[in-house]
Structures are given as structure tokens and as C-alpha cells.
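Structure first, commentary second.
Please treat every number below as a calculation from the coordinates, not as lab data. If you're wondering where the values come from, they're calculated on a predicted model, not measured in any experiment. We place every Cβ from the backbone using ideal geometry, glycine too, and count neighbours over all the protein chains shown.
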Amino acid sequence: MTNVICPRCKATTAMRINRTSFFERKVYPVFGYYPWKCGSCGSAFLYRFKGIKVRRRKSSKSEEAV
């Protein structure tokens, strides 16, 4: 989970979402705001935390044979 707290329900199940509107794509990045959506209540909000990038490892055939 993230350490981003939803301003509406105070849950920590928020996740980053894609930028959709003109302001989200052009104006908010200048000020460092990123769009987030709460997994509990479904409300969308802006937060000044980018999030932690998680890399997923591709499983190789050698690992499957082990």
C-alpha cells in the first residue's frame, strides 16, 4: 500500500491514476500535483506525492525449471 491518505475517508488504499484533463496534463505538473484515486471510497484527489515506482520482474524459463 501507499502512505497517501484519502482526504475523504482517511483510508490508505490510494493509487495513482492517469492524467486525463487539460489541467491534470499541463497545469498541475508545474506545481507538482499528481492525480490519485481512493480504493475504498472511489474519490479522486490531487496529492503532491508521486508514489513509489514498483518494477515487476519477468519470470525467466530458468526460474521455472528450478
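Database remark: amide H of GLY39 closer than 5 angstrom to the amide H of THR13, ALA14, MET15 (H placed geometrically; neighbours at sequence offset of 5 or more, or on other chains; Pro and chain starts carry no H). Within the same chain, lysines fewer than 8 places from LYS58 are excluded, and of the rest, those with a Cα less than 30 Å from its Cα are LYS37, LYS50. For segment 23-33, 3J(HN,Hα) computed residue by residue from phi via the Karplus equation (6.51, -1.76, 1.60; θ = phi - 60°) reads 5, 5, 8, 10, 8, 4, x, 4, 9, x, 9 Hz, glycine and proline entered as x. With K and R counted +1 and D and E -1, the other residues having a Cβ less than 15 Å from that of VAL30 yield a net charge of +4. At q = 0.17, 0.31 Å⁻¹, what is the base-10 log of I(q)/I(0) for segment 1-52 according to the Debye formula with one equal point scatterer per Cα and no solvent? Please give it to two decimals. Taking Cα atoms of segment 1-52 as identical point scatterers yields -0.46, -1.21.
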